[in-house]
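All remarks here apply to the structure that follows.
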Amino acid sequence: MDDPQGADTAPILRGAEPIDLQEEGSHGVLLLHGFGDTPQTLALLARRLSKTGYSVLVPLLPGHGRTLEAFGRSRASEWIAAAKDAYVDMRTRHDSVSVVGLSMGGALAVLVASEQREIPALVLIAPYLGMPRWLRVAAATHLLWGKLAGHVNGRNPRSIHDPIEREKNLAYGVITGRELHELSEVVRRARKSLADVRAPTMIIQSVEDPRCSPATAEFTLKTLGSEDKELVWTEGAGHIITVDYGRERVFAEVERWLSSHRPGAAAATKK
């Protein structure tokens, strides 16, 4: 029997710890990492935003950054609840909180923003909001093949072009049928919630992303309920564009969107 409550009893891997760069009262930014990955993929962006005056939190999602057994016990409902709880907690400390999500973290960010209408800015970085048909079939039939297959290699060297950063990555690198099913549940719920998002939203997508297709990014832009939305394309990097080649451009675009939608920014521009 599954025991999701035991997903966080294992020690956290070195380098996978949550990142908390918060100061009371300032504008907060919640950063959400991807499936099977850790806050390490967002550490450079977190420090950049902190240096420019933002109060930043990057929580470690349940079951992540620990052991494969812990990951296998974690569930979509826990990841979603953790993202929502992190936002609510930040709102008790800050006047406003923007949300930035990477990969599956982008899907989680959509779910947060679909319920929290006061979010001043939303940024979806390579958002995992669509699965290839064969993966959807595999997720739906995981009970038939999952236990027999066990852990399946989930790495793609094209996800991070930079070999130095690829070596640093702390992702599990393998997946089970059950966890693939849980990922598909996050994607399903997030896609269903896109039309409910009202926050100004920017999507940043690499044209060379091996996991998220350009068509998915365009679908996301079209389906979002936000009136103020933008799709920014990048080149020369894979999926984890916050650590890959060209990441400075990504950081600059995130800063631009957050600063232009920071509460009071419009009034300041008119003066």
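Using θ = phi - 60° and the Karplus form 6.51 cos²θ - 1.76 cosθ + 1.60, what ³J(HN,Hα) does each residue of the stretch 215-230 get, whole Hz, x for Gly and Pro?
Running phi through 6.51 cos²θ - 1.76 cosθ + 1.60 with θ = phi - 60° gives 4, 5, 4, 5, 4, 4, 4, 5, 8, 3, x, 5, 7, 9, 8, 8 Hz.
Once phi is turned into ³J(HN,Hα) by the Karplus curve 6.51 cos²θ - 1.76 cosθ + 1.60 with θ = phi - 60°, what whole-Hz value does each residue of the stretch 16-21 show in order, with x for glycine and proline?
9, 5, x, 10, 10, 10
What is the percent carbon and sulfur in the accessible area of the stretch 50-163, measuring with a 1.4 Å probe over the protein chains and ignoring ligands?
Carbon-and-sulfur percentage of accessible area, whole number: 56.
Positive end of the dipole of the chain, charges at C-beta (+1 Lys, Arg; -1 Asp, Glu), about the Cα centre: which of Leu135, Ser77, Gly105 has its Cα farthest in that direction?
Toward the positive end, the furthest listed residue is Leu135.
Residue by residue through the stretch 254-259, which ³J(HN,Hα) values in whole Hz follow from phi under the Karplus form 6.51 cos²θ - 1.76 cosθ + 1.60 (θ = phi - 60°), with glycine and proline marked x?
Once rounded to whole Hz, the list reads 4, 4, 4, 5, 5, 5.
So for Trp233, Trp134, what's the accessible-area order with a 1.4 Å probe, most first?
My answer, sorted largest first, is Trp134, Trp233.
Going down the table (Lys168/Lys222; Lys51/Lys168; Lys51/Lys229; Lys84/Lys229; Lys168/Lys192), which pairs top 30 Å between alpha carbons?
Violating the 30 Å Cα-Cα cut-off are Lys168/Lys222; Lys168/Lys192.
Probe radius 1.4 Å, ligands and nucleic acids left out: which of Ile12, Ile204 has the largest accessible area, and how do the rest follow?
Ranked list, largest accessible area first: Ile12, Ile204.
Using alpha-carbon pairs under 8 Å, 6+ residues apart, how would you state the relative contact order of the stretch 142-271 in percent?
Answer for the stretch 142-271 is 26 percent.
Scanning the chain for GluC sites (Glu not before Pro) in DSSP loops with at most 12 other Cβ atoms within 10 Å, what's the longest stretch left with none?
Counting only loop sites that pass the neighbour cut-off, the longest clear stretch is 119-226.
Give, in nm to one decimal, the length gained when the segment between Trp233 and Arg91 is fully stretched (0.36 nm per residue of separation minus the Cα-Cα distance).
48.0 nm
Given a Förster distance of 45 Å, report the FRET efficiency between Glu208 and Glu115 from their Cβ-Cβ distance, rounded to the nearest 0.05.
Calculated transfer efficiency: 0.85.
With r defined as the distance between the Cβ atoms of Phe219 and Asp20 and R0 fixed at 22 Å, what FRET efficiency is calculated, to the nearest 0.05?
On the way: r = 34 Å, r/R0 = 1.55.
For Phe219 and Asp20, the calculated efficiency is 0.05.
Using Cα pairs closer than 8 Å and at least 6 residues apart in sequence, work out the relative contact order for the chain, in percent.
The normalised contact order for the chain reaches 20 percent.
Amide H to amide H under 5 Å from Val152: which residues, 5+ apart in sequence or cross-chain, H placed 1.01 Å off N in plane?
Ile175, Thr176
Between the helical axis of 76-91 and the dominant principal axis of the chain, each derived from Cα atoms, what acute angle in degrees is found, rounded to the nearest 10?
20
Using the per-residue mean of other Cβ atoms lying within 10 Å as a proxy for protection, in what order, highest first, do the peptides 106-113, 190-197 fall? Write out the running numbers ahead of the final one.
Numbers: 106-113: 28.6, 190-197: 19.1.
In decreasing order of mean packing, 106-113, 190-197 become 106-113, 190-197.
Tell me, what is the 1.4 Å probe accessible area of Asp85, in Å² to the nearest 10?
So the heavy atoms of Asp85 present about 100 Å² to solvent.
Please get the size of the charge dipole for the stretch 87-154, origin at its Cα centre, with Cβ charges of +1 on Lys and Arg and -1 on Asp and Glu, quoted in debye to the nearest 20.
320
Just report the Cα centroid separation between the stretch 78-142 and the stretch 195-271, whole Å.
14
Label Ala81 and Arg158 with points 7 Å out from Cα along Cα→Cβ: what is the distance between them in nm?
Each label point is offset 7 Å from its Cα along the Cβ direction, giving 3.8 nm.
The values are calculated or read from the model by the stated rules, or taken from the named source; none is laboratory data. If you're wondering where the values come from, they're calculated on a predicted model, not measured in any experiment. Here the Cβ is made from the backbone with ideal geometry for all residues, glycine too, and neighbour counts use every protein chain on show. All accessible areas refer to the heavy atoms of the entire protein, side chains included, with ligands and DNA or RNA removed. Shrake-Rupley method; radii C 1.70, N 1.55, O 1.52, S 1.80 Å.
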